[in-house]
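Undergrad: Quick one: structure below, then a few questions.
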Amino acid sequence: MSASRLFYRIGFYIAVVLIVVISVFPFYYAVLTSFKTGTAIFEVDYWPKSFDLANYDKVLTQATFPRNLLNSLFVATSTVGLSLLLAVTASYALARVRFRGRGLLLITILAVSMFPQIAVLAGLFELVRYLGLFNTPFALIFSYTIFTLPFTVWLLTTFMRDLPLEIEEAAIVDGATPWVIITQVFMPLLWPALVTTGLLAFIGAWNEYLFALTFTSSETTRTVPVAIALLTGASDKEIPWGPIMAASVIVTVPLVVLVLIFQRKIVAGLTAGGVKG
Amino acid sequence: MARIELKNLRKSFGAFDVIKGIDLEIRSGEFMVFVGPSGCGKSTLLRLIAGLEDITSGDLLFDGDRVNNLVPSKRGIAMVFQSYALYPHMKVYDNMAFGLKLASAGEDEIRRRVTDAAKLLQIDHLLDRLPKQLSGGQRQRVAIGRAIVRDPRVFLFDEPLSNLDAALRVQTRLEIAKLHHSMNNVTMIYVTHDQVEAMTLADRICVLRDGRVEQVGTPAELYEKPNSIFVAGFIGSPKMNFLTGAFAEAYGCHTLGIRSEHIAVADEGAVWTGTVVHAEDLGSDNYLFVDIGAAEPVIVRQAGKLTIPYGTKIGLVPSPENLHRFDEKGVPAA
Ligand SMILES: Nc1ncnc2c1ncn2[C@@H]1O[C@H](COP(=O)(O)OP(=O)(O)O)[C@@H](O)[C@H]1O
Ligand SMILES: [Mg+2]
């Protein structure tokens, strides 16, 4: 091996290590801090010294946090379910049904995702109030679905387009209705894409802060990101870093678990264009 | 079994006419082959019959009933696609049973029909496999099996052999012919661009060209009495020899066509003379390419081994009763 190749190889691994450290460090530090109490929190340590579950105990027994977790779970799951249902059917039409104005419609859908959240916040607030959804989880499900749909529809449309036309026609000859084609022929072939888009929608809904803050007002309807931000200490001046870190770790774990479960499918979904066979 | 009638059938995609008025009757139990160059509209015509495309105008009749607006699954057709189009996530059994399940047939009946079809095609040991675990030839059988299970009035094939290698193609061709007989001569419509497939399989051939019917007839009729230069040149291998100019004028026509096996090599009474510029020896036959001064060398087919060396000057005698004379428009001269 020549010296220059060795040099590049070492450089490559240094870069990899740097990237991993930079992306994992904040979470690692949160985990470390979550196990500390009292003034130890303000000491800078890079290795675990204490292992104290008091912060977790505090967060989980606090009146509303478990409730907030359930809210988040309900909102994120419903958003994924609703947006996948709408997106799968919409993308079937956009990918497979020939109709006038299809291209324009696709562009419009993409254009919707250009608007920053803050720009539509006021309008959406009025809408939520008008529909009587204010301070319910449905306000969040509704607004998150609106925001994930363009992306989800686009991605699924691209995947759906790549599915062989003859398979669909074989199903038509076999007597399948569009609904049967979607659910029994296309969905099984689209698993990687569904998992990928579903997971991204889940993460989006799980992390969202601005809408959650605006469309809910009581402690029991809040989702976790808002609940964490509004965690209060014993006095007004005290920021309860310990419980905040513990709560942050708790909300991160489900995402990590989900990604680990589905990682193969995600990779397949992001790389493979369609189904061969 | 069904008799199919096409009456002035037309199809356009937007402003683009693909099928330009086709009148054709496909008899009950017939093996009909649509043949023509790529892009002439064969697949489109088949898909109109299947119901996968809407008919722009004209009538399509199955056993006398107009089926223009009937959905494919109600027409009693089954189709075998070029890419096989098996459902990749279903086992072979489920692939074949899918249509019956959708038609809510009983569990026992489905099992019986699938196993019968699988036995007929000798794929009964593959029923638990996924399509991706099969070879190309096996996938093709499953696709045919899926069609058989539907017990259709009409079988439709769109270039079903084009993804197979040459040896498998010949074998599968034979099996499709056998299938036609073993299924009590169910009506079959078969699309191909390969005239050999057409000649070997068909009861009758329909030659299509640019969205129109060029000629319909038995393989022998098309071979012996082509009613245009197009058909004469399309059917038969090697291609029919065409001579123009002085060669044709000597016979009082614009273009003179003669097949390679209808030219004898003889010095006595030679009509044309020329040099052998190329030769192909197939063992049983051999082809001589003779330059007689026409635009292209004349191909002469001889039985047996090649005996005439390259560069020899020889005389050619066309058989007078096998000459095809065409006028300027490319149709047989009066
Ligand atoms: N869905 C379609 N939209 C527009 N043009 C089409 C469509 N399907 C086929 N065509 C055109 O119709 C012509 C005939 O196609 P096809 O029937 O597939 O030919 P063949 O099977 O004989 O090769 C081609 O020029 C093709 O481009
Ligand atoms: Mg075709």
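Undergrad: Classify the stretch A:1-125: rounded, prolate or oblate, from the alpha-carbon gyration tensor (a ≥ b ≥ c, eigenvalue square roots; a/c under 1.5 rounded; otherwise prolate if a/b is larger than b/c)? Walk me through the numbers before you get to the answer.
TA: Details: a/c = 3.00, a/b = 1.32, b/c = 2.27.
Taking the square roots of the gyration eigenvalues as a ≥ b ≥ c, the stretch A:1-125 is oblate.
Undergrad: Kindly identify residues of the stretch B:48-77 having a loss of at least 10 Å² in accessible area between the isolated chain and the assembly of all protein chains, probe radius 1.4 Å.
TA: Hits at the 10 Å² cut-off: B:L52, B:E53, B:P72, B:S73, B:I77.
Undergrad: Here's a follow-up. Angle check, please: helix A:65-96 long axis (alpha carbons) against the longest principal axis of chain A (alpha carbons), in degrees 0 to 90, nearest 10.
TA: 20 degrees
Undergrad: Reported to two decimal places, what Rg/Rh ratio describes the stretch B:105-224 when computed on Cα atoms with Rh from the Kirkwood expression?
TA: Working: Rg = 16.0 Å, Rh = 15.8 Å.
Over the Cα atoms of the stretch B:105-224, Rg/Rh equals 1.01.
Undergrad: As a test question: what accessible area, to the nearest 10 Å², does A:T37 have when a 1.4 Å probe is rolled over all protein chains in place?
TA: Only protein atoms counted, so the area is about 50 Å².
Undergrad: Sticking with this structure for a sec: What is the local net charge at B:T255, summed over the other residues whose Cβ is closer than 15 Å to its Cβ (Lys, Arg +1; Asp, Glu -1)?
TA: Here the charged neighbours net out to 0.
Undergrad: Run the helix sum for chain B: -39,500 (n - 2.57) per DSSP H stretch of 4+ residues, divided by residue count, reported at 222 nm to the nearest 500 deg cm²/dmol.
TA: Taking each H run of at least 4 residues, the total per residue is -7500 deg cm²/dmol.
Undergrad: What is the distance in Å between the Cα centres of the stretch A:207-261 and the stretch B:286-326?
TA: 91 Å
Undergrad: Can you give me the solvent accessible area of B:E175 with a 1.4 Å probe, rounded to the nearest 10 Å²?
TA: Answer for B:E175: close to 50 Å² accessible.
Undergrad: Can you compute the charge dipole magnitude of the protein assembly as shown about its Cα centre, using +1 on each Lys and Arg Cβ and -1 on each Asp and Glu Cβ, nothing else charged? Give it in debye, rounded to the nearest 20. Write out the running numbers ahead of the final one.
TA: Working: 55 positive and 55 negative charges, 284 e Å.
For the protein assembly as shown, the charge dipole is close to 1360 debye.
Undergrad: Shifting gears a bit: At what distance in angstrom do the alpha carbon centres of the stretch A:136-171 and the stretch B:125-159 lie from each other?
TA: Each part's Cα centre sits 32 Å from the other's.
Undergrad: Another one. Can you give the longest run of chain A that contains no trypsin sites (Lys or Arg not before Pro) sitting in a DSSP loop with at most 16 other Cβ atoms inside 10 Å? Don't skip to the answer; put the middle values down first.
TA: On the way: sites that count: A:K49, A:R98, A:R100, A:K237, A:K276.
Maximal segment without exposed cleavage sites: A:101-236.
Undergrad: Mind putting a number on the dipole of the stretch A:58-271 about its Cα centre? Charges go on the C-beta only, +1 for Lys and Arg and -1 for Asp and Glu, and I need it in Debye to the nearest 20.
TA: Dipole size: approximately 100 debye.
Undergrad: Related question: Quick one: ranking A:L140, A:L60 by accessible area, 1.4 Å probe, largest first, what do you get?
TA: Largest accessible area first, the residues go A:L60, A:L140.
Undergrad: Reachable lysines from B:K305, Cα under 26 Å, same-chain residues fewer than 8 places away excluded?
TA: Hits, sequence-local ones excluded: B:K239, B:K313.
Undergrad: Could you do me a favour and compute the accessible area per residue for the stretch B:119-194, 1.4 Å probe, result in Å²?
TA: It amounts to 44 Å² per residue over the stretch B:119-194.
Undergrad: Sort chain A into rounded, prolate or oblate with this rule: let a ≥ b ≥ c be the square roots of the eigenvalues of the Cα gyration tensor; rounded if a/c is under 1.5, and if a/c is not under 1.5, prolate when a/b is larger than b/c, oblate otherwise.
TA: oblate
Undergrad: Over what distance in Å are the Cα centres of the stretch B:162-190 and the stretch B:1-44 separated?
TA: Taking the Cα centre of the stretch B:1-44 as reference, the centre of the stretch B:162-190 is 21 Å away.
Undergrad: For the stretch B:4-233, what is the Kirkwood hydrodynamic radius in Å, using each pair of distinct C-alpha atoms? Could the numbers behind the result be given before it?
TA: Values: mean 1/r = 0.0548 Å⁻¹.
After inverting the mean inverse Cα-Cα distance, the result is 18.2 Å.
Undergrad: How high is the relative contact order of chain A, given as a whole-number percent (alpha carbon pairs under 8 Å, six or more residues apart)?
TA: Numbers: 254 pairs, mean separation 85.2, N = 277.
Normalised by residue count, the contact order of chain A is 31 percent.
Undergrad: Sorted by accessible area with a 1.4 angstrom probe, largest first, how do B:D291, A:D57 fall?
TA: Solvent-accessible surface, decreasing: A:D57, B:D291.
Undergrad: With every protein chain in place, what's the accessible area of B:M79 (1.4 Å probe, Å², nearest 10)?
TA: For B:M79, the solvent-accessible surface is approximately 10 Å².
Undergrad: Let me ask something else about it. Normalising by the residue count of the stretch A:1-113, find the relative contact order in percent from Cα pairs under 8 Å and 6+ residues apart. Present the calculation step by step, with values, prior to reporting the outcome.
TA: Numbers: 24 pairs, mean separation 15.4, N = 113.
Normalised by residue count, the contact order of the stretch A:1-113 is 14 percent.
Undergrad: Follow-up. Averaged over peptide B:86-94, how many Cβ atoms belonging to another chain are found within 10 Å of each residue's Cβ?
TA: Taking the mean over all residues of the peptide, I get 4.
Undergrad: Between B:L174 and A:R98, with labels modelled 7 Å along Cα→Cβ, what's the label distance in nm to one decimal, could you check?
TA: Each label point lies 7 Å from its Cα, and together they span 4.1 nm.
Undergrad: Sticking with this one: Counting only heavy atoms of protein chains, what accessible area per residue, in Å², does the stretch A:53-163 have with a probe of 1.4 Å? The partial results should precede the final answer.
TA: Details: 6000 Å² over 111 residues.
Counting only protein heavy atoms, the per-residue value for the stretch A:53-163 is 54 Å².
Undergrad: Here is a further query. Taking 8 Å as the Cα distance limit and 6 or more residues as the minimum spacing, I'd like the relative contact order of the stretch B:238-326 as a percentage.
TA: Values: 192 pairs, mean separation 31.8, N = 89.
Over the stretch B:238-326, the number comes to 36 percent.
Undergrad: How would B:Y223, B:Y87 rank on accessible area, largest to smallest, probe 1.4 Å?
TA: B:Y223, B:Y87
Undergrad: Looking only at other chains, what is the average number of their beta-carbon atoms within 10 angstrom of each beta-carbon in A:174-187? Kindly include the intermediate steps, with their values, before the conclusion.
TA: Values: counts 17, 12, 4, 3, 0, 0, 3, 0, 0, 0, 6, 5, 0, 1.
Going residue by residue through A:174-187 and averaging, the value is 4.
Undergrad: Mind listing which trypsin sites (Lys or Arg not before Pro) in the stretch B:249-334 are in a DSSP loop and have 12 or fewer other Cβ atoms within 10 Å? Intermediate values should be presented prior to the final figure.
TA: Working: sites: B:R259, B:R301, B:K305, B:K313, B:R325, B:K329; in loops: B:R259, B:K305, B:K329.
When the trypsin sites (Lys or Arg not before Pro) of the stretch B:249-334 are filtered for loop state and at most 12 Cβ neighbours within 10 Å, B:K305, B:K329 remain.
Undergrad: Among DSSP bridges having both ends in the stretch B:4-233, what percentage is antiparallel? Round to the nearest 5.
TA: 55 percent
Undergrad: May I pose another question? Using helices alone, I'd like the mean residue ellipticity at 222 nm for chain A: each DSSP H run of four-plus residues gives -39500 (n - 2.57), total over residue count, nearest 500.
TA: So the calculated ellipticity at 222 nm is -23500 deg cm²/dmol.
Undergrad: Considering every residue in B:98-106, what mean count of other chain Cβ atoms within 10 Å of its Cβ is obtained? Intermediate values should be presented prior to the final figure.
TA: Numbers: counts 8, 6, 2, 4, 7, 2, 1, 0, 0.
Partner Cβ neighbours, averaged per residue: 3.
Undergrad: Past the 23 Å Cα-Cα mark, which pairs from B:K11/B:K329; B:K20/B:K329; B:K7/B:K74; B:K7/B:K101; B:K11/B:K42; B:K225/B:K329? Walk me through the intermediate numbers first.
TA: On the way: B:K11/B:K329 26 Å; B:K20/B:K329 20 Å; B:K7/B:K74 20 Å; B:K7/B:K101 34 Å; B:K11/B:K42 12 Å; B:K225/B:K329 17 Å.
Beyond 23 Å: B:K11/B:K329; B:K7/B:K101.
Undergrad: With r as the distance between the Cβ atoms of B:E25 and A:W191 and R0 = 56 Å, compute the FRET efficiency 1/(1 + (r/R0)^6) and round to 0.05.
TA: 0.75
Undergrad: Now for a separate question. Calculate the all-directions average of the projected area of the stretch A:1-52's alpha-carbon convex hull, and give it in nm².
TA: The directionally averaged projection comes out at 4.7 nm².
The values are calculated or read from the model by the stated rules, or taken from the named source; none is laboratory data. If you're wondering where the values come from, they're calculated on a predicted model, not measured in any experiment. Every residue, glycine among them, receives a Cβ derived from its backbone with ideal geometry; neighbour counts consider all protein chains shown. Calculation scope for accessible area: heavy atoms of the full protein, side chains included, ligands and nucleic acids excluded. Shrake-Rupley method; radii C 1.70, N 1.55, O 1.52, S 1.80 Å.
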